[in-house]
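Worksheet for the structure shown next.
The values are calculated or read from the model by the stated rules, or taken from the named source; none is laboratory data. Since the model is a prediction, treat every value here as computed from it, not as a measurement. Neighbour counts are summed over all protein chains in view; Cβ atoms, including those assigned to glycine, are modelled from backbone coordinates with ideal geometry. Note: accessible area is taken over every heavy atom of the protein model, side chains too, but ligands, DNA and RNA are not part of it. Shrake-Rupley method; radii C 1.70, N 1.55, O 1.52, S 1.80 Å.
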Amino acid sequence: MNLSSTLKLNNGVDIPLLGLGVFRSEEGDETYNAVKYAIEAGYCHIDTAAVYGNEKSVGRAIKDSGIKRGDIFVTTKLWNEDMRRGRQYEAFEESLEKLGLDYVDLYLIHWPVKGEYVKSWKVLEQIYKEGRARAVGVSNFHIHHLDDIFAASDLVPAVNQVECHPELTQVELALYTQSKGIVFEPWSPLGAGQLLGNETLVSLAKKYNKTSAQLILKWGLQRGFINIPKSVHKERIIQNAQIFDFTVSDEDMAEIFKLNLNKRTGADPENFSF
Ligand code: A2P
């Protein structure tokens, strides 16, 4: 396994195991440089969203890096307000335009906005059928949200991207998601950076001569997940990719699971106000 290793989505499309996340990465030089560093380091997967406000910088960095379009996997997401205003298709086209692309690899419904997400899924179906997204999926969906999609559509989401890290292990949701052939993709895999000083993680990581960030990311990989850690620092972006040369033992995997507190760093999909 290495940086270009992939998992197969339920429609046969390959998704690279490791991507760069750009949530809270500023539009302009910060995002532009992070994406450039990542591609230089061998990343071939970038995860952004309309609401992050940095799709233009992501697109510019991809273009300037010289990487071939077919060699980079780009995800973006449909924002809540665009669902409420019934402008899903327009929002998708705006994302493409900002990214400077004529298709994305993965397009996700960002949050399960009540009364809107099933309707929005129909638009994603259309976008998928038109070949403008190679795969479509969801984010922040709990089991009952997924079930609503299954009841309304024959198109099964390719991915469910949800907050997940050692203090929010998401065992039930991840297993349910995976049992439906949907790839589980944690956001904030490092607990938004707050877990990196955790004593248990730091001491377990030392055994492997790795950092706590690398240990956490490998724990996710070994659960069969896609990892999209965010960093804007070159050395950290490189470090977060150096996770393919060790294996976390079963005992240590179990130790990490014990850190679960069902603690979120972000909003609860059952109850969010944006
Ligand atoms: P920065 O962008 O300043 O490098 P998550 O992906 O869980 O949301 O975590 C992102 C946070 O973790 C960011 O604050 C990021 O900071 C920090 N971070 C990412 N990778 C590392 C690393 N290898 N070492 C230390 N901090 C990291």
Task: Long-range Cα-Cα pairs in the stretch 160-274 (distance over 24 Å), rounded percent - done: 21 percent
TODO: Give the whole-number value, in cubic angstrom per residue, of the convex hull volume spanned by the C-alpha atoms of the stretch 1-46.
DONE: 74 Å³
TODO: Beyond 30 Å between alpha-carbons counts as too far, so tell me which of LYS119/LYS258; LYS36/LYS263; LYS63/LYS206; LYS68/LYS129; LYS8/LYS63; LYS56/LYS206 fall in that bin.
DONE: LYS119/LYS258; LYS36/LYS263; LYS63/LYS206; LYS56/LYS206
Task: Sequence-distant lysines (8 or more away, or on other chains) whose Cα lies within less than 16 Å of LYS122 - done: LYS77, LYS114
Open item on the list: Let me spell out the model: positive unit charges on the Cβ of Lys and Arg, negative unit charges on the Cβ of Asp and Glu, origin at the Cα centre of the stretch 106-223. What dipole size does that give, in debye rounded to 20?
Closed with: 420 debye
Open item on the list: Shape verdict for the stretch 181-228, please, from the Cα gyration tensor: rounded (a/c under 1.5), prolate (a/b greater than b/c) or oblate.
Closed with: oblate
TODO: Among DSSP beta bridges lying fully in the stretch 82-170, give the percent that are antiparallel, nearest 5.
DONE: 10 percent
- [ ] Please label the shape of the stretch 206-274 as rounded, prolate or oblate, based on the square roots a ≥ b ≥ c of the eigenvalues of the alpha-carbon gyration tensor (a/c under 1.5 means rounded; beyond that, a/b larger than b/c means prolate, else oblate).
- [x] oblate
TODO: Show that you can apply the helix-only estimate: for the chain, add -39,500 (n - 2.57) for every DSSP H stretch of four or more residues, divide by all residues, and state [θ] at 222 nm to the nearest 500.
DONE: -11500 deg cm²/dmol
- [ ] For the stretch 225-264, take the alpha-carbon Rg, divide it by the Kirkwood Rh, and send me Rg/Rh.
- [x] 1.05
Open item on the list: If I take all pairs of Cα atoms in the stretch 38-189, what percentage of them are more than 29 Å from each other?
Closed with: 15 percent
TODO: Can you quote the Å³ per residue value for the convex hull of the Cα atoms in the stretch 98-180, rounded to an integer?
DONE: 110 Å³
- [ ] Calculate how large, on average over all directions, the projected area of the Cα convex hull of the stretch 119-166 is; give the answer in nm² to one decimal.
- [x] 3.7 nm²
Open item on the list: Of all beta bridges DSSP finds with both residues in the chain, what is the antiparallel percent, to the nearest 5?
Closed with: 20 percent
Task: Antiparallel bridges, percent of DSSP beta bridges restricted to the stretch 107-256 (to nearest 5) - done: 10 percent
Open item on the list: Based on C-alpha coordinates, I'd like the Rg and Dmax of the chain, in Å.
Closed with: 17.6, 52
Task: Selection from GLY86, ASN160, SER120 lying farthest towards where the dipole of the chain points positive, charges on Cβ - done: ASN160
TODO: Determine the per residue accessible area of the stretch 161-263 with all protein chains present and a 1.4 angstrom probe, expressed in square angstrom.
DONE: 43 Å²
- [ ] Could you tell me what percent of the accessible area of the stretch 37-167 is made up of carbon and sulfur, with a 1.4 Å probe and every protein chain present?
- [x] 47 percent
Open item on the list: How large are Rg and Dmax for the stretch 1-110 when calculated on the C-alpha trace, in angstrom?
Closed with: 13.5, 43
Task: Given charges at beta-carbon only (K, R positive; D, E negative), |dipole| of the stretch 155-274 in Debye - done: 320 debye
